[in-house]
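Below is one structure, written out as structure tokens; comments come after it.
The values are calculated or read from the model by the stated rules, or taken from the named source; none is laboratory data. Given the structure is predicted, the values throughout are model-derived calculations rather than measurements. Cβ sites come from the backbone with ideal geometry, for glycine too, and all protein chains shown count toward neighbours.
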Amino acid sequence: MTLFLVSTPIGNLEDITHRALRVLSEVDIIAAEDTRTVKKLLSHYGIAARRIVSLFEGNEAARTPALLEDLRAGRSVAVVSEAGTPAVSDPGQRLVTEAGAIGVRVEAIPGPSAVLAALVSSGLATRAFSFFGFPPRQAGARRKQFGSLRAHEPTLVFFESPERLVQTLDDLAEALGPDREAAVGRELTKLYEETRRGSLASLRDHYRDAGVRGECTLVVAGAPPEQQDAAIDLEAAVRELLDQGLGPKDVAARLMARTGKPRRTLYQLALSLSRER
């Protein structure tokens, strides 16, 4: 009984290994995030799968026990994402954890990865990097996360949808500084693949004007030395923004993006200092 995590193309169907094709042709069950996508891949390579079931975010908890029973019965299972490597911002981790707990052998079949493709194409430092998946959809949570990364030294990598890319670039520019270097990898390995490099502000302005199509992977330079050690004097920063005419709520929103500190804490500080004026 073996659970295989099979990496599949992120766009170009040629980007798959011989080993991955062999495993997909031999396993008893393929658990796919999108059954239509895997059927297209299998058809392209003339593979007739024994059985295909869905395994996506909405049904992973319910589907896992049945797949564990299949594994216990000696059947082999391959997990595939819609694209790329399973369990990386995609379903699979729960099944891997529970399968390992009952002694199932787990094998990863390496292959395409949007994270690595974007990182090595960015021209930014690759010695150390941190991957954060998709940023939070909620504005407050997203800005808090970005603010907490202001002094983070390794290169940052995010996934983002075309609908939210401009707002994310804007929030990153506010949190990390508009001049922080970055790169956007768009439609990676596909016909209209693009890697655009520049500052966060210039990338934001470009995509605001040009529009965005296709899934994006965003790579952002780590903090320069002066930001790694810099500690913001909160009281001085609050007073400066109050002097500019901002109210306590706006001060809190602005500084949350820069510091990652809770909005309520910043609001209370701004309110207190504004009453002293």
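Residue-wise test of (1) closer than 11 Å to Asp28 by Cα; (2) touching a strand residue (DSSP E or B) at 6+ places or on another chain (Cβ under 8 Å).
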| site | (1), (2) |
| --- | --- |
| Leu55 | no, yes |
| Asn59 | no, no |
| Thr64 | no, no |
| Glu69 | no, no |
| Arg72 | no, no |
| Arg75 | yes, yes |
| Val79 | no, yes |
Considering segment 47-70 alone, what residues qualify as being surrounded by fewer than 12 Cβ atoms within 10 Å (Cβ to Cβ), part of a loop (DSSP other than H, G, I, E, B) and touching a helix residue (DSSP H, G or I) at 6+ places or on another chain (Cβ under 9 Å)?
-> Ala48
Members of segment 125-159 that are within 12 Å of the chain's Cα centre (by Cα) and in contact (Cβ under 8 Å) with a residue 60 or more places away in the chain = Leu156, Val157, Phe158, Phe159
For segment 232-244, indicate whether the set of residues that are of a type in the set (A, V, I, L, M), over 30 Å from Glu14 (Cα atoms), touching a helix residue (DSSP H, G or I) at 6+ places or on another chain (Cβ under 7 Å) and at pLDDT 95 or above is non-empty.
-> no
Can you list the strands (runs of 3 or more DSSP E) found entirely within segment 160-277 that contain at least 2 residues being in the same structural domain as Arg142 (by TED's automatic domain parsing) and without any contact (Cβ under 8 Å) to a residue 24 or more places away in the chain?
-> 194-199
